[in-house]
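So the structure is just underneath, and the comments pick up after that.
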Amino acid sequence: MKGKTKAPKIEAAKTAVVLIEPQYDFLKPGGSMYQFIEDQLEKRNVIGNLEDFIAKARKKVKKIVYVPFEEFEPGFPEIDKKGPGMGGLRGLEIDMPTGWKIDGKPVTGAWVKGTPGPEIIPELTPQKGDIILRGKKTLDAFWSTALDYTLRVNMIEWVVIVGFHTNWCVESTARSAYDKGYRVVVIGDCTGTDTDEEQNYVEKYIFPKIGHVLNYKEFLKCLV
């Protein structure tokens with residue numbers, strides 16, 4: 001993988017894995033954004049990699065932290081349709097068709113309460129001892145959650161980021177973690193986005209400048 005730095009020694013007792021948005025709207029048929037990421041999930045075996053990685057990492061690192069995207073009420077009353085929240089990705093997500101229904105009526109938009117969309121997929125169900133942080137409404141998992149507080153009170157030094165999408169929420173969170181003084185690792189084969197081009201770009205040009213890019217087997221070997 002181009003751009004990688006030498007694999008570090010990582011102290012497991014000071015390490016947390018942060019799993020971003022392992023939810024139906026990204027990862028299962030019917031999800032609002034599944035249609036865009038489906039090919040990459042299958043081609044790169046991302047869900048299978050994540051399932052194996054989280055199960056093994058849970059026995060080694062200090063914390064597994066889930067940061068799902070927070071649900072919206074049907075119709076998105078939380079967001080003014082004329083406001084800045086409708087710009088960019090959020091505005092696109094609101095108009096995406098889904099395979100979900102509420103009271104027999106088709107649902108449009110991502111993360112709608114009362115649909116499977118915001119739920120964590122069965123393959124990645126949190127286990128006892130895992131932490132689930134609520135409140136994520138933005139790309140950066142630090143911005144509207146207690147992630148920074150949670151990591152600091154657990155004396156975490158290494159933040160290992162996995163999940164979706166690689167060049168959206170994973171990248172935003174990785175940049176923020178770096179700026180906050182954490183050591184950053186992104187597990188490339190446990191992240192996914194819409195195209196090879198997007199995945200390869202951030203792995204080659206972005207992540208190596210703020211931390212390490214490893215596959216999950218490499219990472220597990222780095223733990224001490």
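What is the gain in length, in nm to one decimal, between LYS180 and MET86 on full extension, counting 0.36 nm per residue of separation less the C-alpha to C-alpha distance?
Gain on extension, LYS180 to MET86, equals 31.0 nm.
Take the alpha carbon gyration tensor of region 12-222, find the square roots of its eigenvalues, order them as a ≥ b ≥ c, and report rounded if a/c is under 1.5; if not, report prolate when a/b exceeds b/c, else oblate.
prolate
Just want to confirm a number: the relative contact order over the chain, from Cα pairs under 8 angstrom separated by 6+ residues, in percent.
Relative contact order here is 30 percent.
So how much slack lies between GLN127 and ASP103, counting 0.36 nm per residue of separation and subtracting their Cα-Cα distance, in nm?
Residue separation times 0.36 nm, minus the Cα-Cα distance, leaves 5.5 nm.
Under the rule of -39500 (n - 2.57) per DSSP H run of 4 or more residues, summed and divided by the residues of the chain, what mean residue ellipticity at 222 nm is obtained, to the nearest 500 deg cm²/dmol?
-7500 deg cm²/dmol
So, in Å, what gap is there between the alpha-carbon centers of region 183-224 and region 68-108?
30
Measuring from centroid to centroid over Cα atoms, what is the spacing of region 144-179 and region 14-59 in Å?
Centre-to-centre distance over Cα atoms comes out at 16 Å.
Once both labels are modelled 7 Å past Cα along the beta-carbon direction, what's the ARG134-LYS14 spacing in nm?
With each label placed 7 Å out from Cα toward Cβ, I get 3.3 nm.
For region 207-224, in order, what is each residue's ³J(HN,Hα) by Karplus, 6.51 cos²θ - 1.76 cosθ + 1.60 with θ = phi - 60°, in whole Hz (x at glycine and Pro)?
Result, rounded to whole Hz: 4, x, 8, 10, x, 10, 10, 10, 8, 5, 6, 4, 4, 4, 6, 7, 6, 10.
Shape of region 111-224 from its Cα gyration tensor (a ≥ b ≥ c, root eigenvalues): rounded if a/c is under 1.5, otherwise prolate when a/b > b/c, or oblate?
Rounded shape, in that the Cα axes give a/c under 1.5.
I'd like the FRET efficiency for ASP95 and ASP39, computed as 1/(1 + (r/R0)^6) with the beta carbon distance as r and R0 of 35 Å, rounded to 0.05.
It comes out at approximately 0.95.
Could you compute the FRET efficiency for GLU78 and ALA55, with r as their C-beta to C-beta distance and R0 at 25 Å, rounded to 0.05?
0.10
Could you please rank THR125, THR138, placing first whichever residue has the fewest other Cβ atoms within 10 Å of its Cβ?
Listing THR125, THR138 from fewest to most nearby Cβ atoms yields THR125, THR138.
Throughout, read-outs are computed from the coordinates displayed, never taken from laboratory work. The structure displayed is predicted, hence computed values, not measured ones. When we count neighbours, we look across all protein chains shown, and the Cβ atoms used for this are built from the backbone with ideal geometry, even at glycine.
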